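Asker: One structure, pasted below without further comment.
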Amino acid sequence: MKVLRRICALPVGIVFFVAGTLKLMDPVGAGLVMQEYLRFLGLRFLLPAAPVLGETMSLLEALLGSALITGVFRKAVNIATGVLLLFFTGLTALLWAGNAQMDCGCFGEAVHLTHAQSFWKNIALLFFWGISILPSAKFGKPRRMKKVAFALSAALIVAFAARHLWHLPPDDFTDLRPGAELMKEGEEVPGDVLLPFYDSDGEYCNDLLIDNRAMAFSVYDPEKMSPARWDRIFEAQLALPRQLRPVLLVATTPGRAEGLVPERLREICYFADRRQLMTLNRSNGGATLIFRGYIVAKWSIHHYPGQEELQTLCAANETEAMMEFTNASRLKFQAFMLGMFAIMLLL
């Protein structure tokens, strides 16, 4: 029975850990999903707290998953897991019954489930969880090394979460990820264009990113931009190689731009939808390298690329530059995940 309980606890723990980690690496996305849930539940007064609530819930999921995999604090962890699973199951049942037009967000942008799929996934997890706690009076005590494994994994999870408050996700699963094409042949603006934007006269200007090599600086919350952040964008666009055209995309209207965007940047300023800019780059003020309509690379406002890095990318074609930029970050994330499972399962 002990072996059966541990076997059943593992899939629950793995799902919790993976789901939490995927959302921790994309805190902006987790906040957007939390906003949708709060709207659905009629808790709009909590919308300003959505980013914190999303990050907290993601961290709780990852830590509970790690505790289930390592097998520590079994009684408390199983109670907390059961409460969350029952809550998630009831919530997804409501979403399914109400045909809510929103994504469940269970695995961030990585995996998209329908509400029915999410509901049955939770039912399956409840089944495994139920077996893992029986008989509840005989959990036993974990080996000391398991406590060490949990402590180490918990510290790494917290460090991972803190790092990605400042860095972009190491693997991008959005529609505007590196390699995506902004506009396919035959499409019309705005039509099905992934990122339509316009100038102060209301004319769509997507050709700027379709016909050129460009660096798009995107600001989805201009009200939250400090003078120092605007200065960083101004200095970064001045330092761009000649072959890169600077474009500033701001989620505001031309009328409001005069009070938000510094005058020295208005010459390159264009206007786009807030949600699309958040999809383009999770950093408010982030930079996205685009070669003739293809997204190549992204940086947060805290880590703009140097001239040498940009020159190397510009010397390559779209595919080569995109692969060079994305492979390193993906490999690091994969190594992190493999290392975490090694710590939790083998120690």
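The values are calculated or read from the model by the stated rules, or taken from the named source; none is laboratory data. Remember, it's a predicted structure, so these values are computed and weren't measured experimentally. Glycine gets a Cβ as well: all are built from the backbone with ideal geometry, and neighbour counts include every protein chain shown.
Asker: Is there a residue in the stretch 184-204 that is buried (at least 18 other Cβ atoms within 10 Å of the Cβ), at pLDDT 90 or above and touching a Ser or Thr at 6+ places or on another chain (Cβ under 7 Å)?
Answerer: The answer is no; no qualifying residue exists.
Asker: Conditions first: (1) of a type in the set (A, V, I, L, M, F, W, C); (2) at pLDDT 90 or above; (3) within 22 Å of the chain's Cα centre (by Cα). Residue 100 passes all but one, so which condition is the exception?
Answerer: Failing condition for residue 100: (2).
Asker: Would you mind telling me which numbered condition in (1) crowded, with 18+ Cβ neighbours inside 10 Å; (2) on the phi < 0 side of the Ramachandran plot residue 159 fails?
Answerer: Only one criterion is unmet by residue 159, namely (1).
Asker: Can you tell me which residues in the stretch 255-304 are on the phi > 0 side of the Ramachandran plot and among the charged types (D, E, K, R)? Give the steps one after another, and end with the answer.
Answerer: First, pick out the residues of the stretch 255-304 that are on the phi > 0 side of the Ramachandran plot: 285, 292-293.
Matches in the stretch 255-304: 292 only.
Asker: Hey, any hits in the stretch 249-257 for a residue that's exposed (fewer than 15 other Cβ atoms within 10 Å of the Cβ), free of Cβ contacts under 8 Å to residues at least 40 places away in the same chain, in the same structural domain as residue 289 (by TED's automatic domain parsing) and under 26 Å from residue 306 (Cα atoms)? Give the derivation first.
Answerer: Taking the stretch 249-257 as the starting set, the residues that turn out to be exposed (fewer than 15 other Cβ atoms within 10 Å of the Cβ) are 253, 255-256.
Next cut, free of Cβ contacts under 8 Å to residues at least 40 places away in the same chain only: 253, 255-256.
Still in the running and in the same structural domain as residue 289 (by TED's automatic domain parsing): 253, 255-256.
With under 26 Å from residue 306 (Cα atoms) added as a condition, the list becomes none.
No, because not a single residue in the stretch 249-257 is exposed (fewer than 15 other Cβ atoms within 10 Å of the Cβ), free of Cβ contacts under 8 Å to residues at least 40 places away in the same chain, in the same structural domain as residue 289 (by TED's automatic domain parsing) and under 26 Å from residue 306 (Cα atoms).
Asker: Continuing with this model, one more query. Evaluate the stretch 187-207: report whether one residue or more is more than 18 Å from residue 282 (Cβ to Cβ) and in a helix (DSSP H, G or I).
Answerer: Within the stretch 187-207, one or more residues are more than 18 Å from residue 282 (Cβ to Cβ) and in a helix (DSSP H, G or I).
Asker: Just to check your reading of the model, which residue among 127, 139 is in a loop (DSSP other than H, G, I, E, B) and either aromatic (Phe, Trp, Tyr) or modelled with pLDDT of 95 or more (or both)? Step through it out loud before you land on a result.
Answerer: Working: 127 fails: in a loop (DSSP other than H, G, I, E, B).
That would be 139, the only listed residue that is in a loop (DSSP other than H, G, I, E, B) and either aromatic (Phe, Trp, Tyr) or modelled with pLDDT of 95 or more (or both).
Asker: Can you tell me which residue within the stretch 12-37, out of those that are within 15 Å of residue 77 (Cβ to Cβ) and not β-branched (Val, Ile, Thr), is farthest from the chain's Cα centre (by Cα)?
Answerer: Checked the stretch 12-37; the qualifying residue farthest from the chain's Cα centre (by Cα) is 13.
Asker: Another one. Looking at the stretch 64-91 only, could you name the residues that are out of contact with any helix residue (DSSP H, G or I) (no Cβ under 8 Å at 6 or more places or on another chain) and surrounded by 18 or more Cβ atoms within 10 Å (Cβ to Cβ)? Spell out the reasoning first.
Answerer: As a first pass, look at the stretch 64-91 and keep what is out of contact with any helix residue (DSSP H, G or I) (no Cβ under 8 Å at 6 or more places or on another chain): 74-76, 79, 83, 87, 90.
Correct list: 74 only.
Asker: Residue pairs, Cβ under 9 Å, 6 or more apart or interchain, first in the stretch 65-79 and on the phi > 0 side of the Ramachandran plot, second crowded, with 20+ Cβ neighbours inside 10 Å. List them.
Answerer: Between residues of the stretch 65-79 that are on the phi > 0 side of the Ramachandran plot and residues that are crowded, with 20+ Cβ neighbours inside 10 Å, the close pairs are 71/9; 71/13; 71/77; 71/150; 73/67; 73/150.
Asker: Filter the stretch 14-49 for residues that are hydroxyl-bearing (Ser, Thr, Tyr) and over 18 Å from residue 173 (Cα atoms) and give the result.
Answerer: Filtering the stretch 14-49 down to residues hydroxyl-bearing (Ser, Thr, Tyr) leaves 21, 37.
Once the filter is applied, which keeps residues that are hydroxyl-bearing (Ser, Thr, Tyr) and over 18 Å from residue 173 (Cα atoms), the stretch 14-49 yields only 37.
Asker: Could you list, in sequence order, the residues of the stretch 297-327 that are within 18 Å of the chain's Cα centre (by Cα) and of a type in the set (A, V, I, L, M)?
Answerer: Across the stretch 297-327, the qualifying residues are 297, 301.
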